[in-house]
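Undergrad: Have a look at this one.
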Amino acid sequence: RSEASILIEQAAIPRDIVASSITSYVDEQIQVVTQRVLANDNASKLIEHNDLYATERETAGMGTAISRLKNDFYLESIRAEVFDQRRGRATNLTFMFIVGFQNPDPLVSQQVTQELAQLYLAENSEFRTEKATETTAFLQQESNRLAQEISEMELRMAEFKDQYASALPGQTALNTQTLDRTERELTDVEQEIRDLRSRRQILMSELQTINPYATVLAEDGEMILGTDQRLAELRRQYLELSSRYGPEHPDVVRTKREIDAILGSGSAAETSDDIKAQIAVLEIRRDQLLERYSAEHPDVRSLQRTIAELEEKLTSSSDGGAYGTGRSSSIKNPEYRQYEVQIETVTDNLAAAETRRAQLIQRREGLIQDISKAPRIEQEWLALNRGYESARAEFDEIKRRVTESRLSERLEAESKGQRFTLVSDASLPLQPIE
């Protein structure tokens, strides 16, 4: 029987710096490698390469020859008492093992033993590298799975936030403060609505006592014109003055300024009657100029353009434009018109206040719902958040292990981890063992 000694060398890099992914005990590793060494493929190659058991192969087949090989195989572990860091106590650990093979021919025995020893070295290295690679692949797969799971959870949390943004934990106190402020604003608006309704009722009652068609005279006996009548009179004067003087004439400038002041207040609007009156005045002025000048004279052409513009404006008003002969043009009493304007203003303010009240009521109802469902939303949110934090912690741990496993993979690939070393080549047996 020839024998070869194989030493189990510890990792070149300390375990606390780079940990190996192979954590099984030495005896277990030796048994695993032995199974790989004596696998049918390796055993068949050994038998054929060394022409072993020729008779058995011819009569019974390769299976019988492999069984003979395993019977002639020899394995012995060498143990010593050392301190086991994992167990924390002294124990007998295997630090070396002997591989042997017996055969009637000493040279064959030596050759097969040497090949078996080399197989142990190769299979151990391949086994450790495969183990480290499989560990890294598994951890990376877990990392990818957790990353996908975390992405889905983040999407669910974002959708949850969008759906219940106003009822999330931490919003209850703010919602309560907003509800109190909304209640105060609603009380103020309701009081404003009551005041506006009362004011409108008073104005409407006073309006009933005023004759809208009465002529109001000033102290000097002249008639006090309403805004509409005053505007029409000013426009007529402006057209008449413009036809006689240039735009810089003081009377033209003063009249234009007064017209702009009335239109700027928004209390009067130009009617179709006003436009017709302007056209009539301009046509008279045009006819007077034609008595002295031809139709091509600049003043005549300017007046003709102005008349055309006014006629176009009058046409657009007849198609539903902003101009017309409304009831206000026939009202002569300025006091009556003033009351109407006040009533319109109060009505507009009342409509705005009622709209504001509807908005406040809607906001109040929404806040009440958010506050009432806050405990349930908080419970669901905390459950989502706990699942996310747990998955996140697991993902971080897996990522750390992936990094360690990759280092371990490189450690095994470069033979820096625990390895088998042939310390004694196969011997040439000088005498039989039986």
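Undergrad: Please enumerate the residues belonging to region 44-60 that are outside any helix (DSSP H, G or I) and either among the small types (Gly, Ala, Ser) or open to solvent by 70 Å² or more (accessible area, probe 1.4 Å) (or both). If you could, list the steps in order and put the result at the bottom.
TA: Quick first cut of region 44-60, residues outside any helix (DSSP H, G or I) only: 51-53, 60.
Asp51, Ala60 - these are the residues of region 44-60 that are outside any helix (DSSP H, G or I) and either among the small types (Gly, Ala, Ser) or open to solvent by 70 Å² or more (accessible area, probe 1.4 Å) (or both).
Undergrad: Tell me whether region 223-238 contains one or more residues that are modelled with pLDDT of 80 or more, of a type in the set (D, E, K, R) and surrounded by 16 or more Cβ atoms within 10 Å (Cβ to Cβ). If you could, list the steps in order and put the result at the bottom.
TA: Filtering region 223-238 for residues modelled with pLDDT of 80 or more gives none.
Scanning region 223-238 turns up no residue that is modelled with pLDDT of 80 or more, of a type in the set (D, E, K, R) and surrounded by 16 or more Cβ atoms within 10 Å (Cβ to Cβ).
Undergrad: Are any of the residues in region 146-160 in a helix (DSSP H, G or I) and more than 28 Å from Lys399 (Cβ to Cβ)?
TA: Scanning region 146-160, I find no residue that is in a helix (DSSP H, G or I) and more than 28 Å from Lys399 (Cβ to Cβ), so the answer is no.
Undergrad: Kindly indicate which of Ala391, Ala374 is surrounded by 16 or more Cβ atoms within 10 Å (Cβ to Cβ), in contact (Cβ under 8 Å) with a residue 24 or more places away in the chain and under 28 Å from Thr176 (Cβ atoms). Show your work before the answer.
TA: Numbers: Ala391 fails: under 28 Å from Thr176 (Cβ atoms).
Exactly one of Ala391, Ala374 is surrounded by 16 or more Cβ atoms within 10 Å (Cβ to Cβ), in contact (Cβ under 8 Å) with a residue 24 or more places away in the chain and under 28 Å from Thr176 (Cβ atoms), namely Ala374.
Undergrad: Could you list, in sequence order, the residues of region 196-222 that are in contact with a helix residue (DSSP H, G or I) (Cβ under 9 Å, 6 or more places away or on another chain) and either charged (D, E, K, R) or at pLDDT below 80 (or both)?
TA: Arg197, Arg199, Arg200, Glu206, Leu207, Ile210, Asn211, Pro212, Tyr213, Ala214, Val216
Undergrad: Please find, within region 76-115, the residue that is surrounded by the fewest Cβ atoms within 10 Å (Cβ to Cβ) out of those that are more than 60 Å from the chain's Cα centre (by Cα) and part of a loop (DSSP other than H, G, I, E, B). Working first, answer last.
TA: Of all residues in region 76-115, those more than 60 Å from the chain's Cα centre (by Cα) come to 76-81, 92, 96-115.
Next, from what is left, pick out any that are part of a loop (DSSP other than H, G, I, E, B): 102-105.
Values: Gln102: 20, Asn103: 20, Pro104: 7, Asp105: 12.
Top of the filtered list is Pro104.
Undergrad: Out of Glu365, Glu340, which single residue is modelled with pLDDT of 85 or more, assigned to a helix (DSSP H, G or I) and not polar (S, T, N, Q)? Walk me through how you get there before you give the answer.
TA: Details: Glu340 fails: modelled with pLDDT of 85 or more.
So the residue among Glu365, Glu340 that is modelled with pLDDT of 85 or more, assigned to a helix (DSSP H, G or I) and not polar (S, T, N, Q) is Glu365.
Undergrad: Considering (1) surrounded by fewer than 17 Cβ atoms within 10 Å (Cβ to Cβ); (2) among the acidic types (Asp, Glu); (3) touching a helix residue (DSSP H, G or I) at 6+ places or on another chain (Cβ under 9 Å), say which one Glu152 fails and leave the rest.
TA: Glu152 satisfies every listed condition except (3).
Undergrad: Assuming Gln118 fulfils every condition listed in (1) buried (at least 18 other Cβ atoms within 10 Å of the Cβ); (2) modelled with pLDDT of 85 or more apart from one, which condition is it?
TA: (1)
The values are calculated or read from the model by the stated rules, or taken from the named source; none is laboratory data. Every value quoted in this text rests on a predicted model; they were computed, and no experiment measured them. Note that each Cβ is placed from the backbone with ideal geometry, even for glycine, and that neighbours are counted across all protein chains shown. Each accessible area value is taken on the protein alone, full model and side chains, heavy atoms only, with ligands, DNA and RNA left out. Shrake-Rupley method; radii C 1.70, N 1.55, O 1.52, S 1.80 Å.
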